[in-house]
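The values are calculated or read from the model by the stated rules, or taken from the named source; none is laboratory data. Just so it is clear, the structure is predicted and the values come from calculations on it, not from any experiment. Cβ placement follows ideal geometry from the backbone for every residue including glycine, while neighbour counts extend to all protein chains displayed. We work out accessible area using only protein heavy atoms, side chains counted, and drop any ligands, DNA or RNA first. Shrake-Rupley method; radii C 1.70, N 1.55, O 1.52, S 1.80 Å.
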Amino acid sequence: EKEITFRFLKARKKDGFLNVISIFSFIGIGLGVAVLIIVMSVMNGFRTELINKIVGFNSHITVDPYQNKIELDQVNSNLQSISKDLILSNSGEAIIIKDKTSKGIILRGYSDTDFSKLELVKNKKFIGDENNLIKNFISIGKELSYSLNLNIGDDITIMSSSGIETIIGNIPKQKKFTVVSVFESGLIDFDNNIAFINLSTLEEFFNLDENDRNLEIYLNNPKNIESQKEIVQKIFNNEFVYSWADMNSSLFSALKVERNVM
């Protein structure tokens, strides 16, 4: 095989110019393949890194009940086989007030035991006590701590979108919280706009009850999301089921188009 290969690659003495053509052809093919490999590697690496950051902050699949309360002890065994953690949560929109600065924020509620299970909390960049999300304690993002000049131990006032009926009308609830920890997801939008408080405190603050709680499902293999979402949808066929891919569909569509162009 080597003899035949070199016979057609190596030009004869009288055909010296063909040898130059062969060399340039090899260089051209080598450069073309190298560029293709590098571009695809960069795009796939960027996509993987982005997925890891998004999956590390959000639940892999969320089940949002319409009417019936979700009971963890009634969860199907098929769900337990594909998941590593099942966590109940709730959320609401509020306004955070510090000195003369106010900012809209999304509050997510977890029990103190479930909060410590989040990948975000297990991150080495997490600062503070991971097992102390109780009463009026709050965990904020690093970007939010910079923008409002907050440190662990500082007090902030939060105004709820729910109110209390009085003689003079509806008055928004206000509650003082103490910063107990600071997290960093690597995505500025998350770090600047989302904070965590105790689940019971959140439900009291927003006039919610246990029937409104969402079920957050953390999978063993979050990248194989479509097939596992179908399994969850069959189990909760009367509830609204969505995944991390659904929440970021526009971002990944743009990323796919960019990869195809490159």
Distance check, please: which entries in Lys84/Lys229; Lys125/Lys173; Lys53/Lys142 exceed 23 angstrom between their Cα atoms?
Lys125/Lys173
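So what is the calculated 222 nm ellipticity per residue for the chain, using -39500 (n - 2.57) for each DSSP H run with n of 4 or more, over all residues, to the nearest 500 deg cm²/dmol? Provide the component values of the computation, followed by the final result.
Details: 11 runs with 111 residues, N = 262.
When only DSSP H runs of four or more count, the value is -12500 deg cm²/dmol.
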Distance between the C-alpha centers of the stretch 64-105 and the stretch 153-220? Whole Å please.
11 Å
Phi to ³J(HN,Hα) by Karplus 6.51 cos²θ - 1.76 cosθ + 1.60 over the stretch 210-221, Hz, x for Gly, Pro
5, 5, 8, 5, 8, 9, 9, 10, 10, 8, 5, 10
How high is the FRET efficiency from Leu50 to Glu93, r the C-beta distance, R0 35 Å, rounded to 0.05?
0.85
Of Ile51, Ile37, Ile61, the one that fluctuates the most in a GNM where the chain has Cα springs shorter than 10 Å
Ile37
Choose one answer from Asn248, Asn238, Asn19: the residue with the largest mean-square fluctuation in a GNM of the chain with alpha-carbon springs under 10 Å.
Asn19
First measure r as the distance between the Cβ atoms of Gln174 and Lys135, then evaluate 1/(1 + (r/R0)^6) with R0 = 22 Å and state the FRET efficiency to the nearest 0.05.
0.85
Calculate, in nm to one decimal, what Ser250 and Thr113 gain on full extension: separation in residues at 0.36 nm each, minus their alpha carbon distance.
46.0 nm
Using only Cα atoms, tell me the angle between helix 249-261 and the longest principal axis of the chain; keep it within 0 to 90° and round to the nearest 10.
10 degrees
Between Asp64 and Glu258, what is 0.36 nm times their sequence separation minus the Cα-Cα distance? Round to one decimal in nm.
66.6 nm
Just grab the label-to-label distance for Asn149 and Met43, each label 7 Å out from Cα along the Cβ direction, in nm (one decimal).
4.6 nm
Put Thr113, Thr201, Thr178 in order of accessible area, largest first, 1.4 Å probe: what do you get?
Thr113, Thr178, Thr201
Cβ-derived FRET efficiency at R0 41 Å, Asn211 paired with Lys100, nearest 0.05:
0.60
What angle, in degrees between 0 and 90 and rounded to the nearest 10, separates the Cα long axis of helix 16-57 from the longest principal axis of the Cα atoms of the chain?
10 degrees
Quick one: which residues, 5 or more positions from Lys84 or on another chain, have an amide H under 5 Å from its amide H? H modelled 1.01 Å from N in the peptide plane, none for Pro or chain starts.
Tyr218, Leu219, Asn220
Which one of Leu72, Leu199, Leu120 has the biggest mean-square fluctuation once the chain is modelled by GNM with Cα springs under 10 Å?
Leu72
